[in-house]
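Here's the structure we're looking at; comments come further down.
The values are calculated or read from the model by the stated rules, or taken from the named source; none is laboratory data. Quantities reported herein were computed from a predicted structural model and do not represent experimental measurements. With ideal geometry, Cβ positions are generated from the backbone for all residues, glycine too; neighbour counts draw on all protein chains shown. When the accessible area is computed, the model is the full protein with side chains, heavy atoms only, and any ligands, DNA or RNA have been set aside. Shrake-Rupley method; radii C 1.70, N 1.55, O 1.52, S 1.80 Å.
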Amino acid sequence: MLARSLLAASAGGLLYWASPPRDLWWLAPVALAVFTLVVRGRRGRAGFGYGFVLGLAYMLPLLGWLLDFLGGQFGPWPWLGVGLVEALFLGLAGAGMARAGRLPLAPVWQSAVFVAAELLRSALPFGGFPWGRLAFTQTGGALLPLASIGGTALVGFGVALTGTALAELVRGLTRLVRAGRNSAGGAERAGPLRGLAVPVAGTLLPVVLGLAVTPTLGTAAESGTARVAVVQGNAPNVGLDLLYRDRQLYANHVRAARELVADVEAGRVARPDFVVLPEQVGSWGAERRDPALRDVVERLGVPVIVGGLATDSAGRLSNRIVRWGPGEGASEEYVKQHLVPFAEKIPLRSVAGAVSPFVRRFDRDMVAGDDPGVLSAGPARLGVGICYDVAYDDVFRGAARSGANLFAVPTNNAWYGRSEMSYQQLAMSRLRAVEHGRSMLVAATSGVSAVVRPDGSVARRTDLFTADTIVDEVPLRSSTTPATSIGEYVTWAVAALGVLAMVLSTLRGRRARRGG
């Protein structure tokens, strides 16, 4: 039991090392292979325990930025709490994989179970927490192109299938070696050798399919191009104290935007078609007044897309992206769809103050939007999501279906310091670019801001905690990927396969007990 627990913990460690900012995508299938061997032949209860160990070894280091952010004031409890909850879902994955391992074609069923558990924790509790899904480890790897076919669910399934089939291949080769030692003849080895066909196919098929899809990832401009400017005004690296530095955050970004204006007017920089500023730069009432932003917009003569906290005429608070246009001021807008639990929406508010500084920062929950964000930005139809939105499948799928030919994700990660959080989020943006065949603009307050091509490659990027502006020409694309059209159905199919695995393993177990 101790040896298996240590192996489960090592599998979790491998998953962490497969995650950004490291480009070690191939460690994720190896981690799944190790874990599959751990739960092989175990009961569901034991599988849950080993999955929980894997979850702790994976999620706690992955979410170390929570400890950096909240540890000074609240100690390790918020970090431990989130890690423990997420580890419980991985425990469910372990229990399901242990049971599904007794079915024919076990790697297929086990892979579906693991991804189904990921989908469950992406929805529960309080709207879920999709951080750390298998697909987000693959932005530098051979399996990333699968996102254009079936989105995150297909990429995650491909990772899991490669790993679970690899585990079966290792077991089959072990049996073959043992058979060879026990007999000099070939007849005794024929059975184990024939049994390797399915594990070999399962191990190679996702990688081969990913490589085959790679040439289909279009990057050409189909609707012209747009010259874009992404402004990173920077923020002080003060952690929690940044919650009360709104004016400084605003001033930094207005200053950076004005420097861009000066460069354009002096001819040092070509005039962009539009400008993107990060999340939560401004704060507006229902009248949408902001003389400084209006001045920047009028001098540039192009739209500025900027994030801010807004209060409407009914007093409802929301996190929004607003388009400021020359001669018209604030007009089109997008309201964040997925609010961060215990930050933008606070369950159990009466007790949440023990673990969340946002209880004191905001006296009411923000309201979430329902509509996809597609804003007019020069020649572009700009599909937007805000920060946490990028972890969810529906936001940019909805934008692409609504006619967006370019994506942007304004974000504010400054309070997480120099942690891995910004790189983890950049990886999600890269996957969304491939998923829908669109360039992605990442506009962060303090980094990492970036321009991502439709094939997931990073064309330009900034460093952490530096003031910088990226000006680049990006393709505008109107064609849709299969993932845009059918991605949600692929997700439901994988989830249904995972549920079916549990039903079949339950029925198989009952038959076995009756037969016994």
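In whole percent, and with a 1.4 Å probe on the protein chains, what portion of the accessible area of the chain is carbon and sulfur?
Details: 11920 of 20150 Å².
Of all accessible area on the chain, carbon and sulfur atoms account for 59 percent.
Per residue, how many Å² of accessible area does region 236-393 show with a 1.4 Å probe? Walk me through the numbers on the way to the answer.
Values: 6500 Å² over 158 residues.
Result: 41 Å² per residue.
Expressed in nm to one decimal, what extension gain is obtained for the pair S350 and R178 from 0.36 nm per residue of sequence separation less their Cα-Cα distance? Don't skip to the end; give the middle numbers.
On the way: separation 172, 0.36 × 172 = 61.92 nm, distance 6.22 nm.
Between S350 and R178, full extension yields an extra 55.7 nm.
Using Cα-only point scatterers and the Debye equation, what is log10 of I(q)/I(0) for region 239-348 at each q in 0.12, 0.23 Å⁻¹, rounded to two decimals?
Calculated log10 I(q)/I(0) at the listed q: -0.45, -1.33.
What is the spread of the Cα atoms of region 198-263 along each of their three principal axes, largest first, in whole Å?
So the extents along the principal axes, rounded to whole Å, are 60, 38, 15.
So what is the calculated 222 nm ellipticity per residue for the chain, using -39500 (n - 2.57) for each DSSP H run with n of 4 or more, over all residues, to the nearest 500 deg cm²/dmol?
Numbers: 16 runs with 256 residues, N = 516.
Mean residue ellipticity, 222 nm, calculated: -16500 deg cm²/dmol.
Would you please put 125-134, 76-85, 93-102 in order of how densely packed they are, using the mean number of other Cβ atoms within 10 angstrom per residue and starting with the highest?
The peptides rank, most packed first, as 93-102, 125-134, 76-85.
Ratio of Rg to Rh for region 449-507, alpha carbon only, Kirkwood?
Numbers: Rg = 20.2 Å, Rh = 15.6 Å.
Ratio value, two decimals: 1.29.
For R245 and Y489, what is the calculated FRET efficiency with R₀ set at 51 Å and r taken between the beta-carbons, to the nearest 0.05? Show your work: numbers first, answer last.
Working: r = 45 Å, r/R0 = 0.87.
Taking R0 as 51 Å, the efficiency between R245 and Y489 is 0.70.
Roughly speaking, what is the stretch gain from D312 to D365, that is 0.36 nm per residue apart minus the C-alpha to C-alpha distance, in nm to one decimal?
Details: separation 53, 0.36 × 53 = 19.08 nm, distance 1.37 nm.
Contour length minus Cα-Cα distance gives 17.7 nm.
Could you state the per residue volume, in Å³, of the convex hull enclosing the Cα atoms of the chain? Write out the running numbers ahead of the final one.
Details: hull volume 78.5 nm³, N = 516.
Dividing the Cα hull volume of the chain by its residues yields 152 Å³.
In whole angstrom, note down how far apart the Cα centers of region 437-503 and region 312-363 are.
Each part reduced to its Cα centre gives a spacing of 23 Å.
If R0 is 51 Å, what FRET efficiency do you get for F465 and A212 from their C-beta distance, rounded to 0.05? Let's see the in-between values first.
Values: r = 41 Å, r/R0 = 0.80.
Efficiency for this residue pair is about 0.80.
Expressed in whole Å with the largest first, what are the equivalent ellipsoid semi-axes of region 26-117 derived from the C-alpha gyration tensor as the square root of 5 times each eigenvalue? Kindly include the intermediate steps, with their values, before the conclusion.
Numbers: eigenvalues 167, 31, 17 Å².
The equivalent ellipsoid of region 26-117 has semi-axes of 29, 12, 9 Å.
Which stretch or stretches of region 417-446 have amide N atoms under 16 Å from the point lying 7 Å from A292's Cα along the Cα→Cβ direction?
Only 445-446 fall inside the zone, counting backbone N under 16 Å.
Could you give the Stokes-Einstein D for region 1-159 in µm² per second, using the C-alpha Kirkwood radius, 37 °C, 0.692 mPa s? Present the calculation step by step, with values, prior to reporting the outcome.
On the way: Rh = 15.6 Å.
Estimated diffusion coefficient is 211 µm²/s.
Keeping all protein chains in place, calculate the accessible area per residue for region 63-150 (probe 1.4 angstrom), answer in Å². Could you put the intermediate results ahead of the total?
On the way: 2590 Å² over 88 residues.
Value for region 63-150: 29 Å² per residue.
For region 31-79, I need the span (max minus min coordinate) of the C-alpha atoms along each principal axis, in Å, sorted largest to smallest.
For region 31-79, the Cα spread along each principal axis is 45, 20, 7 Å.
Starting with the highest mean, order 409-418, 59-68 by the number of other Cβ atoms within 10 Å, averaged over the residues of each peptide.
Details: 409-418: 23.7, 59-68: 21.0.
Ranking, from highest mean packing down: 409-418, 59-68.
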